[in-house]
Amino acid sequence: MTFNDQRRSHADPSLVPIGSPLALAPGDLLIEIASFLETRSDMLNFCLTSSYVFSNVSAVLYERVVLESVDQCRLTLDMLFRRIDIARHVRELIVRPQVKHVGYFGPADSSAASAAIRRVASAKCLDALVSFKWEADELPFYDDMWFALRAGCPQLRSIGTSLGLSLPRMNSHLFDFHGLSQFALYLKRGFYEGQVEMLLDEDHSIFKKFWDMLVKRCPDLEDLTVEGYSTVPIDLRYLVEGRWPRLRKLVLGDVCVDWFPRSLTPGEKRPFVSFLEAHPDLETLSLSRHTIQPVHFNSLDVDALSHVTAFSGTHQQLHALPHLHKSIKSVAFRDPVETRDVSAPTVASLLRELPSLESLKISFTLHSMYDSGNLLRSLIQSCPMLRHLELTCGHKPSFQLDAFAKTIRGFPKLRSLHLTIVKYPGDETLVSGAVRIAQSNPRLQKFSLTFIPPVYPVPLPFSIPYRPFPFSFLPVHATGLFEVSCDQHGLPLSLSAVERSTFVWPWGLGASTRTKKYCKDLRPPGCPARRRPGVRGLLGLLLERSSAGEEMRMILFCAFLAFLAGCGVICNGANHHYRSKALMIPQQEQPLVV
């Protein structure tokens, strides 16, 4: 089908090729096929095959829409406003109008994004919308955007927003939602820096409005998130007064919820401990070092939190909950582990008590290049059943990728890996290290590698960002996303990669990002299927590092020597022939002189 035929087929479903099996496939089967496509680009290409496929598969393609800039908000939301047939499939909308690596988010950008959302929501185009999140440094410019979402999206049950320097008004439409099942509040850096009086005011009315909405009008809350990073936590003790029988997930950042303005009476439990005991169906629990002191878990009932399978917090808090160790499957340490204070074997001994652990996220702050000597081996010995690993080693170089690729063979069930390290001096590039990891561990389906500069801060509250040398031309941050394809025998065939490098320009001129996509062949150099036909295949065979390549180079060298010898024989024969011919010419007789 030509390009013009494809354009006509989008306009008229009857122009779908009769012989195509897609024209006869039912819509449910097309949706099932689309669900197996891993990337959105593949799903988009599948939708563009015909208008019949697009009309059936667009429900999967537009089920989750993420807008990463103000321009995307204008274009995409304007399209959804005009195409109600597509907008009715949107169930989750995430708006991130602030461009990455840009510190300033002006009112003009916020007003443009919030106005576009208000327009499409007030037209009731997003009648199937269930979840909405606003992720920026400040609240939306137009507060009536929340009213449009509440009035125009009858199925909306999940709300997420950010708080920065500007706070919502007391009569904000943000406080008018009811019947929510999920609520997320992200406290940004501007909030902690500009609202110092709120950090000290324990009875601030803004958070009272939030808790009145959640406690009184959202009794079926299942997911509650209050996230933020700060060295001075904010007082949210009113949160522990809520009782939500269906609460399954609780995420608390650097907030304080467990303190009394008076001393405890004998036998009285801490407020947050009583809150946890009142929610026995919790499955995901994420805490910070400011949420509760580990020693206060001693008064927690042994039968409490019996359904928790995912935990995030400090290793001291996890150590204080021994009755959860047998059921926990996922652990994420919120704060980096300082190798100067806590050794890797100490953390490994704690992880050894988690027999069901399958997913681990951990960061180490190295104070010396020698701190990572037994780090990886300790993790292998303590977590043999690990399937997902996210490891970060910051500040100092840790280990070389060649040694790392051989060592992680000790994880027999590892399927995904996210590695962030400081590049070892003279070590390999991203692609070379990824090839070694894929060849040594073909069972890894997906993994990522990230290089960060020395003394680059692992996420710490109010950490000073690293500033490279002003005239450095090396990337400040390089990340590669890799996917391994194997044959029917489990041997690696190819490595698909997307590599991104970020360069920070001096004197605050911003940053630039470069993206590169490529595919590497992982088959052995001597594999016949890897060789290309024709001249390119012969050149590839001559350059490959294998016994066949060495033999071809030797044959070519011998042929070249034979050619030189032949040329020498021919040249010598020609010269001899010319000399012989010159000697055979009779000399003319000279006349006699009397």
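Details
- Alpha-carbon gyration tensor eigenvalues x 5, square-rooted, for the stretch 258-328, Å: 20, 14, 11
- Per-q log10 I(q)/I(0), the stretch 22-160, q = 0.09, 0.14, 0.22 Å⁻¹ (Debye; single scatterer per alpha-carbon; no solvent): -0.29, -0.67, -1.28
- For the cross-link pairs 209/326; 413/520; 124/188; 133/269; 423/446; 133/216, the ones whose C-alpha atoms lie over 28 Å apart are 209/326; 124/188; 133/269.
- Carbon + sulfur, % of accessible area of the stretch 271-404 - ligands and nucleic acids excluded, 1.4 Å: 49
- For residue 396, a cut-off of 19 angstrom between C-alpha atoms picks up these aspartates and glutamates, skipping any fewer than 8 places away in its own chain: 335, 338, 341, 371, 427, 428.
- The stretch 30-162, dipole about Cα centre (Lys/Arg Cβ +1, Asp/Glu Cβ -1), debye to the nearest 20: 320
- Accessible carbon and sulfur surface of the stretch 40-112 relative to its total accessible area, %, 1.4 Å: 55
- Heavy atoms of residue 521: accessible area, 1.4 Å probe, square angstrom to 10: 50
- Whole-number D in µm²/s for the stretch 64-140 (Stokes-Einstein; Kirkwood sum over Cα pairs; 10 °C, 1.306 mPa s): 127
- Ranking 141, 364 from most to least accessible surface, computed with a 1.4 Å probe over the protein chains only, gives 141, 364.
- Derived scalar couplings ³J(HN,Hα) [the stretch 398-404; Karplus, 6.51 cos²θ - 1.76 cosθ + 1.60; whole Hz; x for Gly, Pro]: 10, 8, 7, 5, 5, 5, 5
- Its Cα gyration tensor gives the stretch 282-409 an equivalent ellipsoid, and the semi-axes of that ellipsoid, as √(5λ) in whole Å with the largest first, are 27, 16, 11.
- Cβ-Cβ FRET estimate between residue 205 and residue 523, R0 fixed at 60 Å, reported to 0.05: 0.35
- Karplus-derived 3J(HN,Hα), 6.51/-1.76/1.60, for each residue of the stretch 414-423, Hz, glycine and proline x: 5, 10, 9, 9, 10, 10, 10, 9, 8, 5
- Across the stretch 112-235, Cα-Cα pairs more than 24 Å apart make up 26 percent of the total.
- Calculated from backbone phi, Karplus (6.51, -1.76, 1.60) coupling profile of the stretch 266-279 in Hz, x at Gly/Pro: x, x, 7, 9, 5, x, 6, 5, 5, 5, 5, 5, 7, 10
The values are calculated or read from the model by the stated rules, or taken from the named source; none is laboratory data. None of the values given here were measured: they were computed from a predicted structure. No Cβ is skipped: glycine too gets one built from the backbone with ideal geometry, and neighbour counts run over all protein chains shown. SASA here: full protein model, heavy atoms, side chains in, ligands and nucleic acids out. Shrake-Rupley method; radii C 1.70, N 1.55, O 1.52, S 1.80 Å.
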